[in-house]
Amino acid sequence: MVENDDVTIEQTLVLIKPDGLVKSLTGNIIDKLSESELVIVGAKVVSVDRELAETHYRDLKGQKFFDELIEYIMGTYHTKRVLAMVYEGENAIKRVRHITGDTNPESANPTSLRGKYGRITTSGVFENVVHASSCPEDAKREIQLWFKPHELTKVIYDTREEEVTKRETVWK
Ligand code: UDP
Ligand code: MG
């Protein structure tokens, strides 16, 4: 986060969740988010494993909906894909949350993404098609969890150099 006198340039993590992908809402969601006039500085499709899911939602561990939430974000009910994106710009967190709408799709503004496209399952989980970071601390933690420095078009947090030796699958 960079601050000067009157603007706060922020980054925020946006996830199009598996229900958003399976309902072919990617285009609609990105189109609506473009109203924010923010810039995408990273994007990739991710197959979410349990470790990533539980780390992302670690603050909700203990909630009655936690286990189902983990299955939901892993794609057990829809497709094993999430589109992860980093948006950057003035007041990015608030702007994106405004477009995203309330957590509960039933109380979300009907023109927000969650109001338009979300649903509540019969077991009570909010399938609300998108995730958006809720504060700068969460945004930093979440962006660093989902993206490596080189996957973003610019350096937004401090980095360090490290020797890494590992086997990797490459194209034949
Ligand atoms: N969630 C749910 N039931 C609840 C609260 C949350 O199913 O009563 C799910 C919902 O998919 C939500 C996610 O858990 O997006 C994370 O919850 P959080 O409170 O962080 O809401 P958000 O930041 O996504 O608006
Ligand atoms: Mg949250």
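What follows draws every value from the coordinates through simple rules; no lab data is involved. For clarity, every value in this text was computed on a predicted model and none was experimentally measured. Note that each Cβ is placed from the backbone with ideal geometry, even for glycine, and that neighbours are counted across all protein chains shown.
Of all lysines in the structure, those lying under 24 Å Cα to Cα from K17, and not within fewer than 8 positions of it along the same chain, are K32, K44, K61, K64, K80, K94, K116, K140, K148. Give the shape of region 11-59 as rounded, prolate or oblate, defined through the alpha-carbon gyration tensor: a ≥ b ≥ c are the square roots of its eigenvalues, a/c under 1.5 means rounded, and otherwise the shape is prolate if a/b is larger than b/c and oblate if not. Because a/c hits 1.5 or more and a/b fails to exceed b/c, region 11-59 counts as oblate. Taking the chain on its own, what percent of its Cα-Cα pair distances exceed 19 Å? When all Cα pairs of the chain are counted, 58 percent exceed 19 Å. The peptide list 42-49, 156-163, put in order of mean Cβ contacts within 10 Å with the highest first, becomes 42-49, 156-163. Under 5 Å between amide hydrogens, built in the peptide plane, is the criterion, and for S134 it picks out A139 among residues at least 5 positions away or on other chains. Within region 56-93, the trypsin sites (Lys or Arg not before Pro) that combine a DSSP coil assignment with at most 12 other C-beta atoms in a 10 angstrom radius are K61, K64.
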